[in-house]
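Note sheet for the following structure.
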Amino acid sequence: MKILENTDQKLIIVDRPWHGIIICLIFAPPLLYGGITGAGDEGVWTQIGLCVVGVALLVFAWWYLAPLKIIFDRPAGHVTWTISRIIGSSWNRVELTNITGVHLERGAGDDRGLKRLVLMTNGGDVPMEAGLNSFDRTQFAQAIETWLHSAAAKN
């Protein structure tokens, strides 16, 4: 994740997990090729296994490694986050007046430090990321809290 802009009017945070995407795209095609062509004499179950692992890597990259853009926009009065995938983008929007804070959500029973950013709103918690991540998100949660509190102080 990276903060692209942090002004009084806007806070823009992006996450482009290119390393993970590239690793998945390096390993998936050879696995699929080996499974489809039957390279080697290992048998049909090995071919099926290679195809399953190759498809699983592509699905993992598509779902969990999608680029994310979060825009807190004071003039517009809302926060919008967009998840961009190959087949299209999805976006969510929450009014700034409904946001009560932000926190890092941990996985259930997770002792490995997997977390994701979650907005606390009047209607309940709203996850801002599709999956849990081991990279530290504390800096971004603090930046969002600071930006939100500076907005409250001015209003």
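Just so you know, all these numbers are worked out from the coordinates, no wet-lab data involved. These numbers were taken from a predicted model, which means no experiment stands behind them. A quick note on method: Cβ atoms are made from the backbone with ideal geometry, for glycine too, and the neighbour counts reach across all protein chains shown.
Taking all Cα pairs closer than 8 Å and separated by 6 or more residues, the relative contact order of the stretch 58-105 comes to 28 percent. The base-10 log of I(q)/I(0) for the chain, evaluated at q = 0.10, 0.11, 0.15 Å⁻¹, reads -0.47, -0.54, -0.83 [Debye formula, identical scatterers on Cα atoms, solvent excluded].
Charged neighbours of residue 121, selected by a Cβ distance under 15 Å, balance to -3 (K, R count +1; D, E count -1). Dividing the mean sequence gap of close Cα pairs (under 8 Å, 6+ apart) by how many residues the chain holds gives a relative contact order of 18 percent. Measuring nothing but how far apart in sequence close Cα pairs (under 8 Å, 6+ apart) lie, relative to its length, the stretch 1-89 scores a relative contact order of 31 percent. Charges were assigned to the Cβ only: +1 to each Lys and Arg, -1 to each Asp and Glu. The resulting dipole of the stretch 73-146 about its Cα centre is roughly 180 debye. Evaluated over the Cα positions of the stretch 1-92, the convex hull gives a direction-averaged projected area, one quarter of its surface, of 6.8 nm². Whole-Hz Karplus values for the stretch 73-78 come out as 10, 5, x, 7, x, 8 Hz, taken residue by residue from phi with 6.51 cos²θ - 1.76 cosθ + 1.60 and θ = phi - 60°; glycine and proline positions read x. Summing Cβ point charges (Lys, Arg +1; Asp, Glu -1) relative to the Cα centre of the chain gives a dipole of roughly 380 debye.
Taking every DSSP helix (H) stretch of at least 4 residues in the chain, weighting each as -39,500 (n - 2.57) and dividing the sum by the residue count yields a mean residue ellipticity at 222 nm of -13000 deg cm²/dmol.
Partners of residue 115 within straight-line reach, counting aspartates and glutamates whose Cα lies under 18 Å from its Cα and excluding those fewer than 8 residues away in the same chain: 15, 105, 125, 129, 136, 145.
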